[in-house]
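Heads up, the thing below is written out as structure tokens.
The values are calculated or read from the model by the stated rules, or taken from the named source; none is laboratory data. Because the structure is predicted, anything quoted here is derived from the model rather than measured. Using ideal geometry, Cβ is built from the backbone for each residue, glycine included, and neighbour counts are taken over all protein chains shown. For accessibility, only protein heavy atoms count, side chains too; no ligands or nucleic acids. Shrake-Rupley method; radii C 1.70, N 1.55, O 1.52, S 1.80 Å.
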Amino acid sequence: MLVDSVPEQRAEIAPAPPKRRAIRAVGLLAAVAVLLLVAAASIAVGAKELSVAQVLHGLFEDSGTYADVVVAERLSRTVLGLLVGAALGLSGAVLQALTRNPLADPGLLGINAGASAAVVTAITYFGVTSLTGYVWFAFFGAAAVGALVWFLGGSRGATPVRLALAGTAISAALYGYLQAVMIMDDAALARMRFWTVGSLSTATDETIRQVLPFLVVGTLLAFVLARPLNAVAMGDDTAKALGADLNRTRALSMLAATVLSGAATAACGPIVFVGLMVPHIVRSFTGPDLRWIMPYAAVLSPVLLLGSDVVGRVVARPSEVQVGVITAIIGGPVFIFLVRRRRTAQL
């Protein structure tokens, strides 16, 4: 048990009325239906136009034709998008609760910067050229920075402000290193320029197999932490009064966020706005209860990621625009609108 000293953990957030719970449940089912439609579109739509018959043949009767190969690549791309989208959404929800900052995302704690710095190091100094090599360097870079942020933030005495400051400082230093190496090494610049944008186009079954165990562990840990984080998000004094173990909850939350966002960044590169925007929007519908925010974020984040990927494949046929570019183009204006609307409502 993560929090074994709470006599009645349900007291941390008042139970929602039955009608509101029913609305949330129906909304979650509707979100799952939308996700299935977007996943189907991700398989059927791409830079290369295929008929419905060709798509179905590639899914159920793969005979090695060009269309079948295209469908198989799209299927891997879709599966990775589902996994990475859910991981980014969950990590964003965890970090926003941990830091009590609705604008928090993996970039705030330096996790993306750690992964990027590790990849450029692998390319420049170790001669790594394959995606399978990037994955492990990126993941361990993210994990190392996550541990360093936790240590500099005060370890067992860590506070949301200390963690955010430590993450910001480390990010600045690592991005400076990243830019310096890429300026001095043209080969590193050429390879990193594609990876740092964020893309699902390099998805393979091997990549999925490598990151899947980390994503499963991180997802389970995030959901287990929902109740303790509900208490932490209400403030240290309130959390202590409810019997929450602040140090343990924060340490495990950092671990969950690092594993989720580190594995996602390792597989696809740093993709912005998904982990920041989706949990923020979801909170306006579900309220502050992470037991609802997390399922919604895990479903709707892949909707945004796969939907953006489909748009990127269509708008520049026969080429494509990387998904990281599309999420930034879509997410930026939408997020600004939501923040301004919320500020106006508070005036």
### Query
At a Förster radius of 35 Å, what calculated FRET efficiency corresponds to the Cβ-Cβ distance of LEU212 and GLN179, to the nearest 0.05?
0.60
### Message
Percent of Cα-Cα pairs more than 18 Å apart in segment 32-155, please.
### Response
67
## Note on the structure
Between the Cα axis of helix 186-195 and the main Cα principal axis of the chain, the angle (0 to 90°, nearest 10) is 70
### Query
To the nearest 10 Å², what's TYR296's accessible area with a 1.4 Å probe?
10
### Task
Working from Cα positions, state the angle (0 to 90°, nearest 10) between the long axis of helix 274-286 and the longest principal axis of the chain.
50
## Note on the structure
Candidates LEU95, LEU174, LEU37; GNM for the chain (alpha-carbon contacts under 10 Å) flags as most fluctuating LEU37
### Query
How do 103-111, 225-233, 118-126 rank on mean C-beta neighbours within 10 Å, highest first?
103-111, 225-233, 118-126
### Task
Take the alpha-carbon centre of segment 82-104, take the same for segment 214-235, and report the distance between them in whole Å.
10
## Note on the structure
Once both label points are put 7 Å beyond Cα along the C-beta direction, the LEU36-PHE285 separation in nm becomes 1.7
### Label point distance in nm, PHE335-GLU73, each placed 7 Å from Cα along Cα→Cβ
3.0
### Task
Using only Cα atoms, find the angle between the long axis of helix 323-346 and the longest principal axis of the chain, and express it within 0 to 90 degrees, rounded to the nearest 10.
30
### Summary
The answer for the longest stretch of the chain without any exposed GluC sites (Glu not before Pro) (DSSP loop, at most 13 further Cβ atoms within 10 Å) is 62-347
### Order by protection proxy (mean Cβ within 10 Å, highest first), peptides 22-34, 275-287
275-287, 22-34
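With a cut-off of 8 Å between alpha carbons and a minimum separation of six or more residues, what is the relative contact order of the chain in percent?
30
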### Message
Using only alpha-carbon positions, what ratio does the radius of gyration of the chain give when scaled by 2.2 N^0.38 Å?
### Response
1.01
## Note on the structure
Rounded to one decimal in nm, the spacing of the 7 Å Cα→Cβ label points at ARG21 and ALA241 is 2.5
